[in-house]
Amino acid sequence: MTPAVLTALLPGAADAELEDWGSLDEATAHPMAVHGVEIWVDGATSAGIWQCSPGPSFFRQAENEVIYVLSGRMTVTPDGGDPRDIGAGDVAVFPLGWAGSWDIHETLRKVYVVF
């Protein structure tokens, strides 16, 4: 068996410099600024850091996503479901087809893996 090799590293992810990715397409009330950096891509799978300014939005997952919240907080409400508060230190999974609202209360920075 070949030993595993580290293929991507982003030291200090909580404070890493991010690129301006424009406005959030899913915003539902006002423009929300998005910043990020993609640290790994392999076909339809990617991982990186994503940050978004406060506000409401609506997402419909076109892929599976796992997130780890580095800072900030939001309330996530699946269509037909109950709201859940998510904040720094929390992990969440949004499976393919998940739909609902994200109400970001404080600028949110997350590590994401999309697959």
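For this structure, a couple of remarks:
- Positive end of the dipole of the chain (Cβ unit charges, origin at the Cα centre): among P54, A13, G81, the Cα lying farthest that way belongs to G81.
- Amide hydrogen neighbours beyond the local backbone of W98, cut-off 5 Å, H modeled: Q61
- Computed P(r) (all Cα pairs; region 1-50; 10 Å bins; percent): 21, 38, 29, 9, 3, 0
- In percent, rounded to a whole number, the relative contact order of the chain is 28, using alpha-carbon pairs under 8 Å and six or more apart.
- Contact order, relative form, for region 1-69: 26 percent (alpha carbon pairs under 8 Å, 6 or more residues apart, mean separation divided by residue count).
- Size descriptors for the chain (Cα atoms only): Rg and Dmax, in that order, 14.5, 52 Å.
- With a simple spin-label model that places each label point 7 Å from the Cα along the Cα-to-Cβ direction, the separation between F115 and D82 comes to 3.0 nm.
- Residue with peak Gaussian network fluctuation, the chain [Cα springs, cutoff 10 Å], from I39, I104, I49: I39
- Whether region 47-115 is rounded, prolate or oblate, judged on the alpha carbon gyration tensor where a/c under 1.5 counts as rounded: oblate
- With each label modelled as a point 7 angstrom along the Cα→C-beta vector, the D42-T28 pair spans 3.6 nm.
- Once both labels are positioned 7 Å from their Cα atoms along Cα-to-Cβ, the gap between A8 and A92 label points is 2.1 nm.
- Per-residue ³J(HN,Hα) for region 82-93, Karplus 6.51 cos²θ - 1.76 cosθ + 1.60, θ = phi - 60°, Hz, x for Gly and Pro: 8, x, 10, 7, 10, x, 3, x, 8, 10, 9, 10
- Counted charge near G72, where neighbours are those whose Cβ lies closer than 10 Å (Asp, Glu -1; Lys, Arg +1): +2
- Inter-part distance where region 85-99 and region 1-62 are each reduced to a Cα centre, Å: 14
- Overall, the accessible surface of region 1-61 at a probe of 1.4 angstrom is composed of carbon and sulfur to the extent of 55 percent.
- A probe of 1.4 angstrom, applied to the heavy atoms of all protein chains, finds S53 with accessible area near 30 square angstrom.
- A99-E17 FRET efficiency (beta carbon distance; Förster radius 41 Å; 0.05 resolution): 0.80
- Estimated dipole of the chain in Debye, rounded to 20 [Cβ of Lys and Arg +1, of Asp and Glu -1, Cα centre]: 180
The values are calculated or read from the model by the stated rules, or taken from the named source; none is laboratory data. Quantities reported herein were computed from a predicted structural model and do not represent experimental measurements. Cβ coordinates were reconstructed from backbone atoms using ideal geometry, including for glycine residues, and neighbour counts include every protein chain displayed. Keep in mind that these areas ignore ligands, DNA and RNA; they rest on the heavy atoms of the full protein, side chains included. Shrake-Rupley method; radii C 1.70, N 1.55, O 1.52, S 1.80 Å.
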